[in-house]
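Peer 1: Dropping a structure here in structure tokens format, bear with me for questions.
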Amino acid sequence: MFDTFADLAADRARYDRATAHLDAPLALVDLDAFDANAADLVRRAGGKPLRVASKSVRCRALLERVLAMDGFSGVMSYTLAESLWLARSGVPDVLLAYPSADRAGYAELAGDAKLAGAVTVMVDDPAQLALIDASREGGREEIRVCLELDTSLRLLGGRVRIGARRSPLHSPADLAELARLVQRRPGFRLVGVMAYEAHVAGVGDAVPGAALRSRAVRLMQAAARRELAARRAAAVRAVRSVAPELEFVNGGGTGSVQYTAAEEAVTEVAAGSGLYVPRLFDNYTSFTGRPAALFAMPVVRRPGVGVVTVLGGGYPASGVAGPDRLPQPYLPTGLRYAPQEGPGEVQTPLLGQPADDLLIGDKVWFRHAKSGELCERFDTLHLVAGDRVVDAVPTYRGEGMTFL
């Protein structure tokens with residue numbers, strides 16, 4: 001991010017004016033920033049369609065806004081229940097990115113032609129096929145299947161492994177073997193391959209104050225991209241030799257859009273966090289986004305000089321616990337957590353010179369560390385254009401849909 005102090009002060013003034021009639025806690029999405037981020041993702045994808053990752057958005061109205069834009073097509077979901085809900089809501093193409101053990105969901109999928117035509121499930125183990133078959137409860141609809149390739153970089157004969165622990169299918173031969181099992185098994189149709197390079201797309205390579213580590217990450221990511229491009233192409237060839245009518249090959253994420261899209265074997269790229277741009281996505285050399293999703297907490301105490309206390313705010317993100325998983329006090333700039341307390345369950349003291357200018361009832365604006373997890377804390381997103389709230393839309397939580 002390259003916003004100047006004046007830019008940040010102007011944003012704070014806009015958000016305060018837009019929400020002056022609303023009490024905090026509240027969450028907002030800046031539509032100007034959101035749309036600019038979406039346009040940048042499309043530019044980086046270089047003509048290949050983007051599948052929007054719902055876990056990073058968790059708001060139907062904003063998913064619909066993205067899907068109405070040129071360059072976006074389809075949703076990548078995170079649970080089977082969510083997939084079915086989105087398909088019933090009219091989303092015609094939903095790729096479930098993670099294997100499921102939701103037996104009731106599979107029974108519903110197998111018994112409904114519309115749902116079965118819209119939802120593709122993820123498989124990386126024959127046992128998952130057996131679970132689906134055992135869950136059908138008489139439903140005879142053909143289940144659309146996508147296979148996931150493990151993208152981790154393995155060095156020193158496999159003794160060193162870099163990347164998320166996802167699929168057990170690492171080699172083209174592994175993928176082709178499962179593809180043959182799917183093709184031979186009645187009631188299933190192999191339609192896609194997915195390979196998500198989390199160690200490239202989801203790891204920042206320009207962390208302030210960590211120059212050596214950042215350089216090491218850049219070197220690792222460059223090596224990982226080269227290795228994966230060759231292995232992914234070979235894996236896709238192997239699967240297409242078994243299933244020539246494969247419909248899609250999905251890869252990438254916000255941090256790797258342009259690199260993944262450049263691979264000939266990839267037909268579509270996934271992205272979601274790049275729409276909201278949470279704080280973990282500040283530290284990338286591959287792109288610069290605009291923070292679009294914020295939450296505000298009210299000042300409720302002034303314990304002393306240089307200190308204010310806001311209500312709540314203890315919303316850590318998933319992943320390895322550490323300071324980078326905490327929300328960032330964002331506006332006004334210059335506030336920081338008390339080292340012995342941090343963000344609290346019901347109150348959060350904030351230190352810094354700007355505290356002396358804050359009054360009881362004023363809003364302090366925060367950025368969440370990750371993207372969609374913010375929506376698990378709020379029922380409503382207030383959509384801001386310029387200095388006005390132009391709409392208020394429910395999050396998944398606000399629609400009573402807490403899937404995880």
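The values are calculated or read from the model by the stated rules, or taken from the named source; none is laboratory data. Values in this document were obtained by computation on a predicted structure and should not be read as measured data. When we count neighbours, we look across all protein chains shown, and the Cβ atoms used for this are built from the backbone with ideal geometry, even at glycine. Only protein heavy atoms, including side chains, enter the accessible area calculation; ligands, DNA and RNA are left aside. Shrake-Rupley method; radii C 1.70, N 1.55, O 1.52, S 1.80 Å.
Peer 1: Determine if segment 337-349 includes at least one residue that is without any contact (Cβ under 8 Å) to a residue 40 or more places away in the chain and of a type in the set (S, T, N, Q).
Peer 2: Checking segment 337-349: at least one residue is without any contact (Cβ under 8 Å) to a residue 40 or more places away in the chain and of a type in the set (S, T, N, Q).
Peer 1: Anything in segment 242-274 that is over 30 Å from R184 (Cβ atoms) and part of a strand (DSSP E or B)? List them, or say none.
Peer 2: Those that are over 30 Å from R184 (Cβ atoms) and part of a strand (DSSP E or B): V269, A271.
Peer 1: For A127, are the conditions met, namely being over 30 Å from A39 (Cα atoms), over 22 Å from the mean Cα position of the chain (by Cα), at pLDDT 95 or above and open to solvent by less than 30 Å² (accessible area, probe 1.4 Å)?
Peer 2: Spelling it out, it is not the case that A127 is over 30 Å from A39 (Cα atoms), over 22 Å from the mean Cα position of the chain (by Cα), at pLDDT 95 or above and open to solvent by less than 30 Å² (accessible area, probe 1.4 Å).
Peer 1: Hey, another quick one. Going by what's in this entry, would P99 be described as of a type outside the set (D, E, K, R) and closer than 18 Å to A179 by Cβ?
Peer 2: Spelling it out, P99 is indeed of a type outside the set (D, E, K, R) and closer than 18 Å to A179 by Cβ.
A quick yes/no check of all residues on (1) at pLDDT 95 or above; (2) under 27 Å from the mean Cα position of the chain (by Cα); (3) under 29 Å from S89 (Cβ atoms):
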site	(1), (2), (3)
K114	yes, yes, yes
G117	yes, yes, yes
D133	yes, no, yes
L149	no, yes, no
S152	no, yes, no
G158	no, no, no
S171	no, yes, no
E177	yes, no, no
G187	yes, no, yes
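Peer 1: Follow-up question, since we're still on this one. How about segment 205-229: which of its residues are in a loop (DSSP other than H, G, I, E, B), touching a residue at least 40 places away in the same chain (Cβ under 8 Å) and not hydrophobic (A, V, I, L, M, F, W, C)?
Peer 2: Across segment 205-229, the qualifying residues are D205, P208.
Peer 1: Is at least one residue of segment 289-298 open to solvent by 30 Å² or more (accessible area, probe 1.4 Å), of a type in the set (A, V, I, L, M), within 25 Å of A10 (Cβ to Cβ) and under 17 Å from the mean Cα position of the chain (by Cα)? I'd like the intermediate steps shown before the answer.
Peer 2: Keep residues of segment 289-298 that are open to solvent by 30 Å² or more (accessible area, probe 1.4 Å), which gives 290.
With of a type in the set (A, V, I, L, M) added as a condition, the list becomes none.
No: segment 289-298 contains no residue that is open to solvent by 30 Å² or more (accessible area, probe 1.4 Å), of a type in the set (A, V, I, L, M), within 25 Å of A10 (Cβ to Cβ) and under 17 Å from the mean Cα position of the chain (by Cα).
Peer 1: What is the residue count in segment 326-357 for residues that are within 17 Å of P291 (Cα to Cα) and touching a Leu at 6+ places or on another chain (Cβ under 8 Å)?
Peer 2: The number of residues fulfilling the criteria is 5.
Peer 1: L275 passes all but one of (1) closer than 24 Å to L67 by Cα; (2) touching a strand residue (DSSP E or B) at 6+ places or on another chain (Cβ under 7 Å); (3) modelled with pLDDT of 95 or more; which number fails?
Peer 2: Checking L275 against (1) closer than 24 Å to L67 by Cα; (2) touching a strand residue (DSSP E or B) at 6+ places or on another chain (Cβ under 7 Å); (3) modelled with pLDDT of 95 or more, the one that fails is (2).
Peer 1: Still on this structure, I have one more. Would you please list the contacts, defined by Cβ atoms under 8 Å and residues six or more apart or on different chains, that run from a residue in segment 286-307 that is within 18 Å of C375 (Cβ to Cβ) to a residue that is assigned to a loop (DSSP other than H, G, I, E, B) and aromatic (F, W, Y)?
Peer 2: F295/Y315; F295/F378
Peer 1: So, in segment 132-162, exactly how many residues are part of a loop (DSSP other than H, G, I, E, B) and open to solvent by 30 Å² or more (accessible area, probe 1.4 Å)?
Peer 2: Going residue by residue through segment 132-162, those that are part of a loop (DSSP other than H, G, I, E, B) are 135-142, 149-152, 159.
Imposing the further condition that a residue be open to solvent by 30 Å² or more (accessible area, probe 1.4 Å) reduces the set to 137-138, 140-142, 159.
Matching residues across segment 132-162 total 6.
Peer 1: Say we look at segment 86-121 and pick out the residues that are closer than 21 Å to G400 by Cβ and among the hydroxyl-bearing types (S, T, Y); which of these is surrounded by the most Cβ atoms within 10 Å (Cβ to Cβ)?
Peer 2: Filtering segment 86-121 for residues that are closer than 21 Å to G400 by Cβ and among the hydroxyl-bearing types (S, T, Y), the one surrounded by the most Cβ atoms within 10 Å (Cβ to Cβ) comes out as S100.
Peer 1: Moving on to the next point. What's the number of the condition S286 fails, among (1) out of contact with any Leu (no Cβ under 9 Å at 6 or more places or on another chain); (2) over 30 Å from A233 (Cβ atoms)?
Peer 2: (2)
Peer 1: I would also like to ask the following. In the set R43, R12, which member is in contact with a Leu (Cβ under 6 Å, 6 or more places away or on another chain), assigned to a helix (DSSP H, G or I), modelled with pLDDT of 95 or more and open to solvent by 30 Å² or more (accessible area, probe 1.4 Å)?
Peer 2: Only one candidate passes the filter, namely R12.
Peer 1: Could you count how many residues in segment 299-317 are open to solvent by 50 Å² or more (accessible area, probe 1.4 Å) and under 21 Å from S56 (Cα atoms)?
Peer 2: 1
Peer 1: Tally time: how many residues in segment 332-364 are open to solvent by 30 Å² or more (accessible area, probe 1.4 Å), under 25 Å from A18 (Cα atoms) and charged (D, E, K, R)?
Peer 2: Number of matching residues: 4.
Peer 1: Give the number of residues within segment 50-74 that are open to solvent by 10 Å² or more (accessible area, probe 1.4 Å) and either hydroxyl-bearing (S, T, Y) or part of a helix (DSSP H, G or I) (or both).
Peer 2: Within segment 50-74, residues that are open to solvent by 10 Å² or more (accessible area, probe 1.4 Å) and either hydroxyl-bearing (S, T, Y) or part of a helix (DSSP H, G or I) (or both) number 7.
Peer 1: Quick one: what pairs do we get from segment 130-143, first residue in contact (Cβ under 8 Å) with a residue 12 or more places away in the chain and among the β-branched types (V, I, T), second surrounded by 13 or more Cβ atoms within 10 Å (Cβ to Cβ) and in a helix (DSSP H, G or I), C-beta under 7 Å, 6+ apart or different chains?
Peer 2: I132/Y106; I143/L109; I143/A110; I143/A116; I143/I132
Peer 1: Can you find a residue that is farther than 22 Å from A97 by Cα, assigned to a loop (DSSP other than H, G, I, E, B) and over 14 Å from the mean Cα position of the chain (by Cα) anywhere in segment 230-238?
Peer 2: From segment 230-238, those farther than 22 Å from A97 by Cα are 230; that's our starting set.
Narrowing the set further to residues that are assigned to a loop (DSSP other than H, G, I, E, B) leaves none.
No.
Peer 1: Next up: Please count how many residues of segment 207-244 are open to solvent by 40 Å² or more (accessible area, probe 1.4 Å) and within 25 Å of V52 (Cβ to Cβ). Let's see the steps before the verdict.
Peer 2: Residues of segment 207-244 that are open to solvent by 40 Å² or more (accessible area, probe 1.4 Å), as a first pass: 207-209, 211-213, 215-216, 218-219, 225-227, 230, 237, 240-241, 244.
After this cut, where a residue has to be within 25 Å of V52 (Cβ to Cβ) as well, the list is 225.
Matching residues across segment 207-244 total 1.
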